[in-house]
Amino acid sequence: MSTPPFMWPFSLFAPGNLNQPILPGWSFGNVSVNYAGNADIEKDVVEKVASYGKQLGIIADVVLEFAGDKPAKGEQPLKQLRDIAAKVRKVKEEHKRSLTDEADDAMAKLAKSDEAEVRRIAGKYARKTSGTSA
């Protein structure tokens, strides 16, 4: 495509391609949300377990069922909600293990180069946890 004549002097300084992804890793149609918790866990739950709309729909069905409304034939909203809750717990546990493994790996790498720093960091967090349990 040719540059319009009135843009000629400006096009010399602009990059040829100005396309930039706004939400890398997200497909079209998803919304960026400010998460109250761990954004990685939230993203995995929405991608692997159930969308926010699906979760809210099932919760609404359960509440309505408790209020006396009969679920549609063949639907079991309470069972669906329990299944989602179990899957969410599993995702959280996987992230917890992953974070623990990352911390362990980082400390092992640091220990190879600076044993004193490893002791300092470990002591810092040991004091924090012992101070809260007293």
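The values are calculated or read from the model by the stated rules, or taken from the named source; none is laboratory data. Everything quoted here is computed from the prediction, not taken from an experiment. In this analysis, Cβ positions are derived from the backbone assuming ideal geometry, glycine residues included, and neighbour counts consider all displayed protein chains.
Before moving on, here are some points about what is shown:
- Selection count, the stretch 67-125, where residues are at pLDDT 90 or above and among the hydroxyl-bearing types (Ser, Thr, Tyr): 1
- Flag if ILE84 is in contact with a His (Cβ under 7 Å, 6 or more places away or on another chain), surrounded by 12 or more Cβ atoms within 10 Å (Cβ to Cβ) and among the β-branched types (Val, Ile, Thr): no
- ILE59 in contact with a Lys or Arg (Cβ under 8 Å, 6 or more places away or on another chain) and of a type outside the set (Lys, Arg): no
- Number of residues in the stretch 73-87 that are in a loop (DSSP other than H, G, I, E, B) and closer than 13 Å to VAL62 by Cβ: the value is 2.
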